[in-house]
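Just dropping this structure here.
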Amino acid sequence: MTDTRRTRRNLSIMMVVVAILIVVFYNLPGSRRSGEVRTGPMIVPTEQTASQKAVGGLKLTSPELIEKTPAKSHRIHIESWRTPKGAKVMFVASPEIPMLDVRVVFNAGSARDGDTPGLAFLTNAMLNEGAGVSDVDDIARHFEGLGASLSTGAYRDMAVVSLRTLSDDQYRRPALNLFYDVVAHPTFPQASLDRLRNQLLLGLQREKQDPGAQVAKAFFQQLYPNAPYGIPTRGTEDSLPLISQDQLRTFHQRYYVAGNTVIALIGAIDRSEAELIANQLDQQLPEGPAAPVLKAPAAPASARHEHIEFPSSQTHIMAGTVGVKRGDPDWYPLMVGNEILGGGGFASRLNQTIRQDNGLAYSIYSQFVPMAVEGPFLMNLQTRNDQADQALQLLDKTLRAFIEQGPTQQELDDAKRNLLGSFPLQTASNSSIVDYLGMIGFYGLPLDFLEQYPQQVEQVEVDAVKKAFARVIAPDKLLTVTVGARTAPASPAPANGG
């Protein structure tokens, strides 16, 4: 009898422990996806109202956990309008999950730095260091206490401030009130400026030891020598020490204005609530015009090869030219063609030729980066120093053959199948959809952009790919940047492997 009671007691303890572990597991905080938006999908999985589902008697209150609940699909219906001061609003109602994502996008990236590289990046990074009457610790505690998350980011074209919060008014209202201050009323405290500046300077020192960072930085500077996209986004060792609080305030007053803003919203709110949120932010922002249109950059007039000596066993290679801007009429043939050339992983031509057939690289890819004006087309790989010349020759040969001959019908069919098969995952969450809303609004793309995507991909033909690549890429005028140690060509290995 004693053994039976002991067994029952042990079983009860085990059940309690398991129950506790389940509760802890389901309440672990999720991580918000970040990164660049890729041209993509149309279908939106929508989640059930998980905050109303109890787990061990506890309700889920994490927006990230809520968004991971089972989904069903529906089409994205985007609504758009202008605020009284001229901000563009992009809104999608998503009543299935009790959360709200807000992404505010300014035409205030490093392309607006002028003679002060790093100014846009530091301005954006300082927004959550102090706002209104709150300091950095107050801001962090406030959002954490509400189960909300705040993030910022600055790139070449745009600067972004994002909020994710539960849509219930008791959480949403206080989260938005401080969010408005962060966006419109930053205080730029000197202590935070000094700390962030030192972090950026340390980062630049670390980049000097990273050949991958070196090749990318040199490629953009050489490809855009007299254009804004050549400005280092995170600044330089010369520019960062000179940036002052007054410069940050001036930059914010010029570019963080209503007429230079896109407000993207998705969540469990209706149109009237979305209008109220957008108008409240609009009221906080000063009036001001959109940033001037950037001047289109010139493509290289001739081939050029820049080498940076670096003590490494591998040579990092980046080659390319000026590509296309967002909205280019040949975007879909270029995107599908690039999937075949170097964007499609193991199945791509570059990977097949340089990695699988010749064993010259572990990874290789090509990419178009469309931006407000013509962004780059680039090809990137790493190879042993003594194989760099051979890899460059094969890179050139493969690109030329693709431009001259175009893809095969089988390659085109496979690329379409891959793109259309993977695109639903790219709008499988509200966080990814709000990124797309910001992109569509910022670049002035049509509201049915996501719905048109699969149709446009399906319509691409072999001849269209061939013509688009021939128009955009001149293989005799590529910029090539290499970073590595120069070595003499390696002697061929004996036939018997000895």
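For the stretch 86-104, what are the residues that are part of a strand (DSSP E or B) and either within 15 Å of residue 286 (Cα to Cα) or acidic (Asp, Glu) (or both)?
Selection gives 88, 101, 104.
On the given criteria, is residue 367 assigned to a strand (DSSP E or B) and not hydrophobic (A, V, I, L, M, F, W, C)?
Spelling it out, residue 367 is indeed assigned to a strand (DSSP E or B) and not hydrophobic (A, V, I, L, M, F, W, C).
Do you know which residues across the stretch 143-196 are without any contact (Cβ under 8 Å) to a residue 60 or more places away in the chain, in contact with a helix residue (DSSP H, G or I) (Cβ under 7 Å, 6 or more places away or on another chain) and among the aromatic types (Phe, Trp, Tyr)?
Correct list: 143 only.
Now for a separate question. Restricting the search to the stretch 240-264, which residues are assigned to a loop (DSSP other than H, G, I, E, B) and closer than 17 Å to residue 160 by Cβ?
256, 257
Of the conditions (1) free of Cβ contacts under 8 Å to residues at least 12 places away in the same chain; (2) surrounded by 14 or more Cβ atoms within 10 Å (Cβ to Cβ), residue 199 clears all except one; give me its number.
(2)
Could you tell me which of the residues 151, 167, 110, 80 is more than 25 Å from residue 274 (Cα to Cα) and at pLDDT 95 or above?
110
While we're looking at this one, here's another question. Going by the conditions given, is residue 114 part of a strand (DSSP E or B) and surrounded by fewer than 19 Cβ atoms within 10 Å (Cβ to Cβ)?
When the stated conditions are applied, residue 114 does not pass them.
Would you point out which residue out of 375, 421, 406 is out of contact with any strand residue (DSSP E or B) (no Cβ under 8 Å at 6 or more places or on another chain), surrounded by 18 or more Cβ atoms within 10 Å (Cβ to Cβ) and not assigned by TED's automatic domain parsing to the domain that holds residue 223?
406
If you take the residues of the stretch 227-247 that are without any contact (Cβ under 8 Å) to a residue 60 or more places away in the chain and farther than 19 Å from residue 107 by Cβ, which of them is nearest to the chain's Cα centre (by Cα)?
237
What's the total number of residues in the stretch 265-279 that are surrounded by fewer than 15 Cβ atoms within 10 Å (Cβ to Cβ) and not in a loop (DSSP other than H, G, I, E, B)?
Qualifying residue count for the region: 3.
The values are calculated or read from the model by the stated rules, or taken from the named source; none is laboratory data. Note that the structure is predicted; figures quoted are calculated from it, not measured. All Cβ positions, even for glycine, are placed from backbone atoms using ideal geometry, and neighbour counts span all protein chains on display.
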